[in-house]
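The values are calculated or read from the model by the stated rules, or taken from the named source; none is laboratory data. None of these values were measured; they are calculated from a predicted model. Here the Cβ positions follow ideal geometry from the backbone for every residue, glycine too, while neighbour counts run over all protein chains shown.
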Amino acid sequence: MMRGVRHLRRPLLLVAGWILTALGVVGMVLPLMPGTIFLILAAWCFSRSSPRFEAWLLGHPRLGPQIRRWRHAGTIDRRVKLVACGSMLLSFAILTRTDAPPIALWVTGACLLAAGAYVASRPES
């Protein structure tokens, strides 16, 4: 069984890389969805499945700079931080206007707060 899973690992990571790349591109266009984290994850998937696509993503003029900054120094651009944290805040505000149960609000709020604190605590490039 493990042998079959290992055999599928590379193709699954390749597919995940492309899905994450698509989500990252969408996130660069839509204000409520951060794209950089998806691109960082896509680069990680490609690094384990396709060095060619990893090189393409890192070399891309619009998609690559944030990934390279993250890999090189663990930094996030100030504008990206503001967009990410603002998007999380706006998403939570929208969620509070729904009929979501209180537990969903608490769990979502805690997760978004933790994610926002992490993003805000990263050094700026």
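Quick check on this structure: which one of 62, 79 is within 28 Å of residue 116 (Cβ to Cβ), over 14 Å from the mean Cα position of the chain (by Cα) and assigned by TED's automatic domain parsing to the domain that holds residue 117?
Step by step, each of 62, 79 is checked, and only 79 is within 28 Å of residue 116 (Cβ to Cβ), over 14 Å from the mean Cα position of the chain (by Cα) and assigned by TED's automatic domain parsing to the domain that holds residue 117.
From 37, 76, which residue is touching an Asp or Glu at 6+ places or on another chain (Cβ under 9 Å) and surrounded by 11 or more Cβ atoms within 10 Å (Cβ to Cβ)?
76
Going through 43, 110, 104, 117 one at a time, which residue ends up being in a helix (DSSP H, G or I), outside the structural domain of residue 11 (by TED's automatic domain parsing) and within 17 Å of the chain's Cα centre (by Cα)?
117
Where the second residue is surrounded by fewer than 16 Cβ atoms within 10 Å (Cβ to Cβ) and among the aliphatic types (A, V, I, L, M) and the first is outside the structural domain of residue 79 (by TED's automatic domain parsing) and lies in region 16-30, which pairs have Cβ atoms under 8 Å and are six or more apart or on separate chains?
Correct list of pairs: empty, since none qualify.
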